[in-house]
Amino acid sequence: MKKSLILFFLLGVTLFAPISNYGCTNYLITKGASVDGSTMISYAADSHVLYGELYYWAAGQYPDGTMMDVTEWDTGKYLGKIKQANRTYNVVGNMNEFQVAIGETTYGGRGELQDTTAIIDYGSLIYLTLQRATSAREAIKIMSELVTEYGYYSSGESLSISDANEVWIMEIIGKGTNMVTDKKTKLTANANKGAVWVAMRIPDGYVSGHANQARITTFPKEMKKSLISISSKNLDKIFDPAVEVVYAYDVVSFAKSKGWFTGEEKNFSFSDTYAPVTFSAARFSEIRVWSMFNKVAPGMDKYWDYVKGNIKNDAQFADGTLNPDHYATNRMPLWVKPTNKVALHDMMMFMRDHLENTELDMSKDVGAGPFGIPYRWRPLTWKVDNVTYVNERATATQQTGFSFITQSRSWLPNEIGGIIWWGVDDACATVYMPMYCSITKAPINFERGNGAMMEWSSTSGFWITNMISNLAYTRYNVIQPEVEIIRNGLETKFINQTSATDAEAEKLYGLSKVKAVEYLTKYSSDAGALTFITYQTTYQQLFMKFMDGNIKTKIEGQMNPKVVQPGYGDAYYRKVVEQTGDKLKFIGHDEH
């Protein structure tokens, strides 16, 4: 996600993607690649100003001609009015009652393609579609129709779209603003209204990912013996199961009209044309996809130079300056086949990666301080003596508003089959709580309006989780392990309860769908309440135990606790001595 589109230059290369938050991460798992046969997508909504709350829209019915306001998700800016659907569906977070789920990451792309006259921003595109779609394929069709009719307001986006049977990746960008006045009507409108896009089904048994860089390169653009590729001119054919690729009819011709692509159509690459990879796109974005791919499939080391943003041997001009067009170009595949099938808990842990076990592990260099913190406070880039350096942008990051893993399970009724495992704040601090897709109310501790980014609420799950994570940041190596014990305990409890919860809901479903939904609503609310209460107590206990640099343990029957003062550790003390010499040297024999 993004809050503003900022173009800047790094090593002489224009960065197309937004850098203000350098947001989100999505991992996509197909049925054949998951342990239990569910489809899964993950999403981290990363922003320094996004308040973590569980969005909820109840299903509704509206008469013909009903209009609705559209406001930009990031800013609340009013964009215009559109036609309301006659019927809308229940939406919990980023999942609806038909187990359709949508996530996103902003890649930005060519800045001149943003349409300032449009009405549909990327956030509205997601949540309007969730209220209207019954399948992943229908979601793609609806998205295309919305941006065609009302225009696409945002910069480039990658979208994860799943239902109980399929997982798709869709990449979209606007066509800019070209205002033309009609000679007869005298009305002025944008002749470029709409968007160029391509959507591809992830083959069953494979996994994919995207993280703020467009990843679709070449794709089939013609009919084969079996129908696999259609343009938006034949959009109604999207429901044919043989269709595996769908794209805007002018995705190639528009690029040609701009002079961005001149080759044969079969060689057209969406990413290379609309969002070329830069150092920033590789180092801050693609590396997060690599971190997951590297865990599930062998052979990812060969892409390390690419995701690290390394330059090729011929990347220097004669005068020694860098040639910014010569970064490593061995791009990762769009999807890979995992060696072992992926479990729900695996997905949770993928979202908690800090580039551990790589040379870029942030807990290992001087920036980690004495307590090995794997985070760096922004800005993302900084300078010393006019040389630009970077902080790593790993999957887990402190500024996450909310994140989730969705599970869509085809063997269960929709109301029971869809679960969005949802949490707030840094993925390493959050507890992923089970929110069934049919619930009719968000848990009170996580519902919309319970606090805001500059409004404190003592009953807010977002604030209590941030209290815990920010306490852990002060002495990460000793406090975070205790947070993980509580976090993992709750998640294990919820995961282990799923089968029994499903079974009870199925029993009720056979008697009354309403009773089943009531049961799942209460269960999800109880999971939210248990998480909040547990974390409230956890914060109190952690604060008492670790305050003032001590580690205190209660001793039964004694007034005073046992106190340990671990200090900073040998490695850090050596650094202090190296820097200060004898300035702090103790002289005498009365050590304490």
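Touching a residue at least 40 places away in the same chain (Cβ under 8 Å) and among the small types (G, A, S) - does that describe any residue in segment 219-226? Looking through segment 219-226, none of the residues is touching a residue at least 40 places away in the same chain (Cβ under 8 Å) and among the small types (G, A, S).
Of all residues in segment 195-240, which are surrounded by 22 or more Cβ atoms within 10 Å (Cβ to Cβ) and in a loop (DSSP other than H, G, I, E, B)? If the condition is that a residue be surrounded by 22 or more Cβ atoms within 10 Å (Cβ to Cβ) and in a loop (DSSP other than H, G, I, E, B), then I202, A211, N212, Q213, A214, R215, I216 are the ones that fit. Annotation: G418 fulfils all but one of (1) surrounded by 21 or more Cβ atoms within 10 Å (Cβ to Cβ); (2) closer than 30 Å to S269 by Cα; (3) not aromatic (F, W, Y); the unmet one is (2). Take F462 and tell me if it is in contact with a Phe, Trp or Tyr (Cβ under 7 Å, 6 or more places away or on another chain), at pLDDT 95 or above, surrounded by 22 or more Cβ atoms within 10 Å (Cβ to Cβ) and assigned to a strand (DSSP E or B). Spelling it out, it is not the case that F462 is in contact with a Phe, Trp or Tyr (Cβ under 7 Å, 6 or more places away or on another chain), at pLDDT 95 or above, surrounded by 22 or more Cβ atoms within 10 Å (Cβ to Cβ) and assigned to a strand (DSSP E or B). For segment 574-586, does any single residue satisfy the condition of being surrounded by 11 or more Cβ atoms within 10 Å (Cβ to Cβ), outside any helix (DSSP H, G or I) and either charged (D, E, K, R) or in contact (Cβ under 8 Å) with a residue 60 or more places away in the chain (or both)? No, segment 574-586 contains no residue that is surrounded by 11 or more Cβ atoms within 10 Å (Cβ to Cβ), outside any helix (DSSP H, G or I) and either charged (D, E, K, R) or in contact (Cβ under 8 Å) with a residue 60 or more places away in the chain (or both). Any idea which of I126, I161, I140 is under 28 Å from V289 (Cα atoms), assigned by TED's automatic domain parsing to the domain that holds K258, outside any helix (DSSP H, G or I) and touching a residue at least 12 places away in the same chain (Cβ under 8 Å)? The conditions single out I161.
Among the residues of segment 356-373, those that are touching a helix residue (DSSP H, G or I) at 6+ places or on another chain (Cβ under 7 Å) and either assigned to a loop (DSSP other than H, G, I, E, B) or of a type in the set (A, V, I, L, M, F, W, C) (or both) comprise M362, F371, G372, I373. Return the only residue of V147, V180, V196 being modelled with pLDDT under 95 and in the same structural domain as V296 (by TED's automatic domain parsing). Exactly one of V147, V180, V196 is modelled with pLDDT under 95 and in the same structural domain as V296 (by TED's automatic domain parsing), namely V180. Considering S144, S158, the condition of being under 25 Å from N90 (Cβ atoms) and polar (S, T, N, Q) is satisfied by S144 alone.
So which of Y150, Y107, Y122 is over 21 Å from the mean Cα position of the chain (by Cα), among the aromatic types (F, W, Y) and under 21 Å from V251 (Cβ atoms)?
Within the list Y150, Y107, Y122, the selection yields Y150.
Residue count for segment 548-573 under the criterion of being part of a helix (DSSP H, G or I) and surrounded by fewer than 11 Cβ atoms within 10 Å (Cβ to Cβ): the result is 3.
Which residue out of I444, I464, I419 is touching a residue at least 40 places away in the same chain (Cβ under 8 Å) and over 19 Å from L50 (Cα atoms)? Quick ask: steps written out before the conclusion?
Numbers: I444 fails: over 19 Å from L50 (Cα atoms); I464 fails: over 19 Å from L50 (Cα atoms).
Testing whether each residue is touching a residue at least 40 places away in the same chain (Cβ under 8 Å) and over 19 Å from L50 (Cα atoms) leaves just I419.
Each residue in segment 36-69 was checked for being part of a strand (DSSP E or B) and under 23 Å from the mean Cα position of the chain (by Cα), and 11 of them qualify.
One residue stands out in segment 164-177 among those that are modelled with pLDDT of 95 or more and not in a strand (DSSP E or B): the one that is surrounded by the most Cβ atoms within 10 Å (Cβ to Cβ), namely K175.
The values are calculated or read from the model by the stated rules, or taken from the named source; none is laboratory data. Worth saying up front: this structure is predicted, and the values here are computed from it rather than measured. Because the Cβ atoms are built from the backbone with ideal geometry, glycine has one as well, and the counts that use them run over all protein chains shown.
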